[in-house]
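Heads up, the thing below is written out as structure tokens.
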Amino acid sequence: MDTQSVKTREGAVDVVVIGVGTSGEDLSLQLLDAGLKVVGIANGLVGGECAYWGCIPSKMMIRAANTLHEARQLNSLAGHSRVTPDWEPVASRLSEATSEWDDAIAVDRYEKRGGRLIKGIGKITGPRTVTVGDESITARYGIVVATGSKPVIPPIKGLSEVDYWTTYDVMKLKKLPKSLIILGGGAIGCELGQVMARFGVDVKIIERSNHLLDKEEPEVSTVLERTFADEGISVFTKSSIRQVRYTDGLFAVALEDGKEITNERLLVATGRKADISELGLETIGIPSTSGTIQVDDRMRAGDGIWAMGDVTGKGMFTHVALHHSAIVASDILGRSHPPASYHAVPRVVFSDPEVGAVGMTELEAKKAGIEVTVIVKQLPATFRGWIHAIKYGVMKLVIDRNNNTILGASMAGPNAGEVVGLLTLAVHARMPIDELRNMIYAYPTFYGGLGEALGAYGRGLTTIFDPEYKGVKVLDEMMQKAVTSST
Ligand SMILES: Cc1cc2nc3c(=O)[nH]c(=O)nc-3n(C[C@H](O)[C@H](O)[C@H](O)COP(=O)(O)OP(=O)(O)OC[C@H]3O[C@@H](n4cnc5c(N)ncnc54)[C@H](O)[C@@H]3O)c2cc1C
């Protein structure tokens, strides 16, 4: 850039926020409300991924798809139904929720609170200084980087030559394809795959590792794999891709084992990563080679610079991004706030059954050298699971054997995203198992499965269950296989 043409507005600003997404917007509004002069630089929609391209639209789709599924349950539980899916109400609800992907309301709110917004790409050009277009701004307190992450496009032969979809395309769909291949069986691939399948799309998911949701407990993944199989979703695990082609109106994915998978559309959902290479971090002595910005527990990356959200690599969740923005706001405003802490970050996958997990998995604990006791409870064999007639579901607890506190917990089952609230409290407070065993659980609830898992109640009454109850037996064998194949 020609530095002569750069206009400077030294001293006029307290904080510059680069990236006004989930955490950038939240932080800006907190600082503006406290009376600071804030400039936000946004090269995307103000409000970010969660509001327009991520959590909110995807969860609206899931709500709709689950309604279809629930209606289909009528036949086995309460009568007869004939379900005819229609994507149009979903597309119009998304379009309304995002104002047709227009951030005018958010921009207006930002400016009415006293903030200045500049649309463009922000680049750090010196200590506490950011340049956008031909304007350079130096901030009194400093710069906050909240530039998020983007979909990873893996270097697969042929992929860059075909017209694949990312999640951005899916959020704006007005009409569904007949069939879809999804590369990646992580949270996004599983959530969107199940939505599409419930709307009648033929879905095939290709996953490189041993299981769907491979970072979660294998018992949890197995519940999802089993459910997906029942719903007609084809899952290809342990599958490396050799090449992708588009031929005769179809995408063709050739696997290393010789199989070829074809379908009408291709969605790449192989993860997300931050890109900090163009941010100019090196001008203030911060390395840009590690892929994420290293921060301390106050989210400080250096003198006069903070980073928050996905760009820090501390967990790509809205709740982590908002945890960060609260800490940065307190740090800048000189208010007290506990330091960032990650031992109890909840992870929810909004599949059906939902997955709710928190803290360490068994494998993570073992890798960290901790001796653990593990309890696995199959949810079809809990009171509520049985009443609800669920076929698959599991709860798993990872307990530190040295002090009998809970290190991690996972559930795949109805409302797991809500039950994980209780599990998160237990892991966050490093709660002794005896506390959890001795509390009173409402009966019959899904969260009460925790009490049953810990043997808190229900020993006698469990005789009402048929020991040959099919769901439980099948699950037992599956779990055994899942654990063996992942260790
Ligand atoms: C399909 C999908 C579903 C998801 N579902 C969930 C969920 O259910 N629950 C959950 O907790 N999380 C979910 N997430 C993740 C969640 O959306 C993100 O973790 C969160 O939005 C990250 O917030 P952030 O503040 O780090 O960045 P973002 O919200 O991504 O905002 C970053 C902004 O910075 C802008 N930017 C980048 N570089 C520059 C630059 N140089 N100058 C100016 N602007 C720049 C970007 O354009 C973007 O607008 C989902 C994500 C996706 C994709």
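The values are calculated or read from the model by the stated rules, or taken from the named source; none is laboratory data. This is a predicted model, so every value here is computed, not measured. Cβ coordinates were reconstructed from backbone atoms using ideal geometry, including for glycine residues, and neighbour counts include every protein chain displayed.
List of remarks:
- Condition check for GLY356: in contact (Cβ under 8 Å) with a residue 40 or more places away in the chain and either within 24 Å of GLY393 (Cβ to Cβ) or not in a strand (DSSP E or B) (or both): yes
Table: residues versus (1) at pLDDT 90 or above; (2) among the aliphatic types (A, V, I, L, M).
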residue: LEU422; (1), (2): yes, yes
residue: MET431; (1), (2): yes, yes
residue: ASP434; (1), (2): yes, no
residue: LEU461; (1), (2): no, yes
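- Residue list for the stretch 402-461, filter: under 19 Å from GLU362 (Cα atoms), part of a loop (DSSP other than H, G, I, E, B) and either in contact with a helix residue (DSSP H, G or I) (Cβ under 7 Å, 6 or more places away or on another chain) or of a type in the set (S, T, N, Q) (or both): ASN402, ASN403, ASN404, LEU454
- Check on VAL374, of a type in the set (Val, Ile, Thr), modelled with pLDDT of 95 or more and outside any loop (DSSP other than H, G, I, E, B): no
- Given (1) at pLDDT 95 or above; (2) over 22 Å from the mean Cα position of the chain (by Cα); (3) assigned by TED's automatic domain parsing to the domain that holds ALA307, number of the condition GLU10 does not satisfy: (1)
- For ILE286, the test of being within 16 Å of the ligand (Cβ to nearest atom), outside any strand (DSSP E or B) and over 27 Å from the mean Cα position of the chain (by Cα) is passed.
- Qualifying residue in the stretch 328-346 (condition: within 30 Å of ASP33 (Cα to Cα), within 14 Å of the ligand (Cβ to nearest atom), of a type outside the set (Phe, Trp, Tyr) and part of a helix (DSSP H, G or I)): yes
- The residue that is farthest from the chain's Cα centre (by Cα), counting only those in the stretch 239-274 that are in contact (Cβ under 8 Å) with a residue 12 or more places away in the chain and exposed (fewer than 14 other Cβ atoms within 10 Å of the Cβ), is GLY249.
- When residues of the stretch 173-195 are limited to those that are assigned to a loop (DSSP other than H, G, I, E, B) and within 12 Å of the ligand (Cβ to nearest atom), the one nearest to the chain's Cα centre (by Cα): GLY186
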